[in-house]
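One structure is given here, and the rest of the page talks about it.
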Amino acid sequence: MRHRPTVAVVDLGAIRHNVRVLKPERAEFLAVVKANGYGHGAEQVSRAALDAGATWLGVALVEEGIRLRDAGLHAPVLVLTQFPPGSEKEALAAGLTPTVYTDDGLARLAEAAGAMGGPIGVHVKLDTGMHRVGLPPERALGFVRAVTEAGLELEGLWTHFAISEDLDDPFTEIQLRRLLDEADRLKAAGIRPRYLHAANSGGTIAHPATHLDLVRVGLGMYGLAPGPALAGMADLRPAMSWRSAVAMVKRVAAGEGISYGLRYRLDRESTIATVPVGYADGFSRVLGDAAAVLIRGRRLPVAGTVTMDQLMVDCGDDPVEAGDEVVLIGRQAGQEITAEELAAWMGTVNYEIVCMVSERVPREYADEAASV
Ligand SMILES: Cc1ncc(COP(=O)(O)O)c(C=O)c1O
């Protein structure tokens, strides 16, 4: 039973549209659905993406992969970091595809795989310059030989870009070159993994040479661009909107302060609307005094500190009533507030905005006819 009016609406038609727009003709599409599908709902997004031509799913955690299996999804699932120590048997039993890049990780995986029987395909990840996780590229050939000697099959060789959202930075090309050089060395030794992959959304949208055999797309699939330079380069449709409704309206006298700390002082009598959304829902406290919301097609400022469960909006002399729709992200009567705007107000990126919408906010799934 749902009582609160606050909801994140996810348009699965937009997800399908974005997959179709972003999938290169000759490369497979891995839908990155970690972090509950960047806040959109991993299971629902996965089904929509697979429907639209994705053939792989990608997660950060073994737990996330197992959840997809429990939901009845059978597509290949690549875990984007090494299986944590002790999780290997469970992960393999769930049919998750391992990424591997350390000797220790390989040894643990081989031991678990040996006990399972049957061929296990693995993806070796190279650190070509981001320095988060991965094998030093110059170790690729020796490591890949160790993979096969351990009875595992090399299915993929991949890397991850640090700055592909920047059109001009040459580092993406340098990272790609490092991956391809190692692939060439493997080829010379008679080893050709089925999948060479590197592109995230930035690579997929802005660097076609990085598409290779498979692209791993997260943000773009959700309809958001990974950087301002890429906005408009692909016809993306934001999938998430975030809505609530005014819970209470009151007139407040000039000189009064609003919310904790009383920092927001009214310099005139004003109508203050209270909205049942707070930082526990993922509307950060730092958005107080910076953000705006839409009510009746007007942009109105958040007034004072965002509290845990509620925030206040300064409506001036505009007519507002309890029950009026409030848009935190999305469109209303020709106006729009984007995840990028919220990100700018918070000093962060659009990735974090959609991931922040907390579990307390119910997700509702729409399938807008126009997007299908
Ligand atoms: C290894 C890896 N590949 C692909 C992606 C997808 O990136 P994006 O959301 O920019 O498309 C991520 C996300 O951070 C990632 O960690």
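When the chain is treated as a Gaussian network with alpha carbon springs shorter than 10 Å, the biggest mean-square fluctuation among TYR195, TYR260, TYR38 belongs to TYR260. All other residues whose Cβ lies under 11 angstrom from that of ARG108 are scored, Lys and Arg at +1 and Asp and Glu at -1, for a net of -3. Taking amide H as placed 1.01 Å from N in the peptide plane, the amide H of VAL9 sits under 5 Å from that of SER241, TRP242, ARG243, GLU364, each at least 5 places away or on another chain. At 222 nm, what helix-only mean residue ellipticity would the chain give, in deg cm²/dmol to the nearest 500, using -39500 (n - 2.57) for each DSSP H run of four or more? It lands at -8000 deg cm²/dmol. Normalising the average separation of contacting C-alpha pairs (under 8 angstrom, six or more residues apart) by the number of residues puts the relative contact order of the chain at 19 percent. Under the simplified labelling scheme, the THR102-ASP309 pair shows an inter-label distance of 4.3 nm, with each label point 7 Å from Cα along Cα→Cβ.
The calculated FRET efficiency for the pair ALA71 and ALA229, based on their C-beta separation and a Förster distance of 51 Å, comes to about 0.90. Springs between Cα atoms under 10 Å define the GNM used for the chain, and in it the highest mean-square fluctuation of VAL313, VAL79, VAL286 occurs at VAL286. Basic side chains Lys and Arg get +1 at the Cβ, acidic Asp and Glu get -1 at the Cβ, and with that the dipole of the stretch 92-150 about its Cα centre reaches some 140 debye. Residues MET130, MET356, ranked from the fewest to the most other C-beta atoms within 10 Å, line up as MET130, MET356.
Please say if the stretch 12-222 is rounded, prolate or oblate, where rounded means a/c under 1.5 for a ≥ b ≥ c the square roots of the C-alpha gyration tensor eigenvalues, and otherwise the choice is prolate for a/b larger than b/c and oblate otherwise? Oblate. Find out how many positive minus negative residues lie around PRO193, taking Lys and Arg as positive, Asp and Glu as negative, among other residues whose Cβ is under 11 Å from that of PRO193. Charge balance near PRO193 sits at -1. Straight-line cross-link reach from LYS187 at under 29 Å between alpha-carbon atoms covers these lysines, not counting any fewer than eight positions away in the same chain: LYS23, LYS125. I need the shape label for the stretch 240-337. Rule: rounded when a/c is under 1.5, else prolate if a/b > b/c, else oblate, with a, b, c from the alpha carbon gyration tensor. Oblate, since a/c reaches 1.5 and b/c is not below a/b.
Based on the Kirkwood approach, the hydrodynamic radius assigned to the chain is 22.3 Å, with every pair of different Cα atoms included.
Extension gain, ARG145 to GLU269: 0.36 nm times the residue separation minus the Cα-Cα distance gives 37.2 nm.
Taking the number of Cβ atoms within 10 Å of each Cβ as an exposure proxy, the fewest-first ranking of PHE161, PHE283, PHE171 is PHE171, PHE161, PHE283. I need the shape label for the stretch 130-188. Rule: rounded when a/c is under 1.5, else prolate if a/b > b/c, else oblate, with a, b, c from the alpha carbon gyration tensor. Since a/c reaches 1.5 and a/b is larger than b/c, the shape of the stretch 130-188 is classed as prolate. Legend: calculated FRET efficiency, ALA333 to GLU43, from the Cβ-Cβ distance at R0 = 30 Å, rounded to 0.05, equals 0.40. Amide H contacts of LEU126 (H built 1.01 Å from N, in plane; Pro and chain starts excluded): LEU135, TRP158, THR159 sit under 5 Å, all sequence-distant by 5 or more or on other chains.
Using C-alpha pairs below 8 Å separated by at least 6 residues, the relative contact order for the stretch 1-147 is 15 percent. For ASN18, the shell of other residues with beta-carbons less than 15 Å away shows a net charge of +1, using +1 for Lys and Arg and -1 for Asp and Glu.
A short reminder: the numbers here are calculations on the coordinates, not readings from a lab. Keep in mind that what you see is a predicted model, and the values were worked out from it rather than measured. When we count neighbours, we look across all protein chains shown, and the Cβ atoms used for this are built from the backbone with ideal geometry, even at glycine.
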